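The values are calculated or read from the model by the stated rules, or taken from the named source; none is laboratory data. Given the structure is predicted, the values throughout are model-derived calculations rather than measurements. Please note: Cβ atoms are built from the backbone with ideal geometry, for glycine as well, and neighbour counts cover all protein chains shown. The protein model used for the area step is the full one, side chains on, heavy atoms only, and it has no ligands, DNA or RNA in it. Shrake-Rupley method; radii C 1.70, N 1.55, O 1.52, S 1.80 Å.
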Amino acid sequence: QVQLVESGGGLVQAGGSLRLSCAASGTIYLRTMGWYRQAPDKQRELVATLTSGGSPNYADSVKGRFTISRDSAKNTVYLQMNSLKPEDTAVYYCRYGVVGSSGSWGQGTQVTVSS
């Protein structure tokens with residue numbers, strides 16, 4: 001139903017910045033949006049979420065470095081990533097709806113942070 005198209009991933013050196021975008025299409029309701037990531041040999045983990053009321057929350061590992069935001073007019077969610085570390089290397093996934101609900105996942109975009 002709701003399709004998510006991500007962009008902005010790529011290769012960046014440690015200390016650099018990237019901004020991920022997630023554009024949603026379809027029948028869209030105001031729901032929690034989120035970013036998750038999965039590194040090799042690890043489970044998918046929460047990076048950040050943004051509730052329909054605009055309240056963000058972050059994983060401890062990214063708090064203070066990453067910012068999640070939304071442009072409702074464009075149906076787009078962003079993840080601004082600053083001070084990137086090699087440990088941030090992962091496939092990043094956009095999520096429509098909280099995990100465990102009837103939501104949607106994006107296709108994933110690779111973020112690679114070099115030393």
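Could you work out the local net charge near Ser114, counting Lys and Arg as +1, Asp and Glu as -1, over the other residues with Cβ closer than 13 Å to its Cβ?
-1
Please list, by residue number, every one of the chymotrypsin sites (Phe, Trp or Tyr not before Pro) in region 10-107 that is coil in DSSP and has at most 15 other beta-carbon atoms within 10 Å.
Qualifying residues, ordered by number: Tyr29.
In straight Cα distance, which lysines are under 22 Å from Lys42, not counting same-chain residues fewer than 8 positions off?
Leaving aside lysines fewer than 8 places away in the same chain, those within reach of Lys42 are Lys63, Lys85.
Taking a probe of 1.4 Å, how large is the accessible area per residue of region 22-115, in Å²?
Normalised by residue count, the accessible surface of region 22-115 is 52 Å².
So how strong a dipole does region 65-115 carry about its Cα centre when Lys and Arg Cβ are +1 and Asp and Glu Cβ are -1, to the nearest 20 debye?
100
Using only the C-alpha atoms of the chain, find the volume of their convex hull and express it per residue in Å³.
That works out to 94 Å³ per residue.
Put +1 on the Cβ of each Lys and Arg and -1 on the Cβ of each Asp and Glu in the chain; which of Met81, Leu30, Leu46 then has its Cα farthest toward the positive end of the dipole?
Leu30
Could you compute the net charge surrounding Asp60? Neighbours are other residues with a C-beta less than 13 Å from the C-beta of Asp60; K and R count +1, D and E count -1.
For residues surrounding Asp60, the net value is 0.
State the extension gain, in nm to one decimal, for the chain segment bounded by Ser72 and Leu11, taking 0.36 nm per residue of separation less the distance between their alpha-carbons.
Roughly 19.2 nm would be gained on extension.
Subtracting the Cα-Cα distance from 0.36 nm times the residue separation, let me have the gained length for Gln80 to Thr51 in nm, one decimal.
Length difference between fully extended and current span is 8.8 nm.
Once you keep just the Cα pairs under 8 angstrom separated by 6 or more residues, what percentage relative contact order results for the chain?
In percent, rounded to a whole number, it is 36.
Toward the positive end of the charge dipole of region 1-97, about the Cα centre and with charges on Cβ (Lys, Arg +1; Asp, Glu -1), which of Ser17, Val62, Tyr96 goes farthest?
It is Tyr96.
Sticking with the crude label model, points 7 Å out along Cα→Cβ, report the distance from Ala39 to Ser101 in nm, one decimal please.
The answer from the label model is 2.9 nm.
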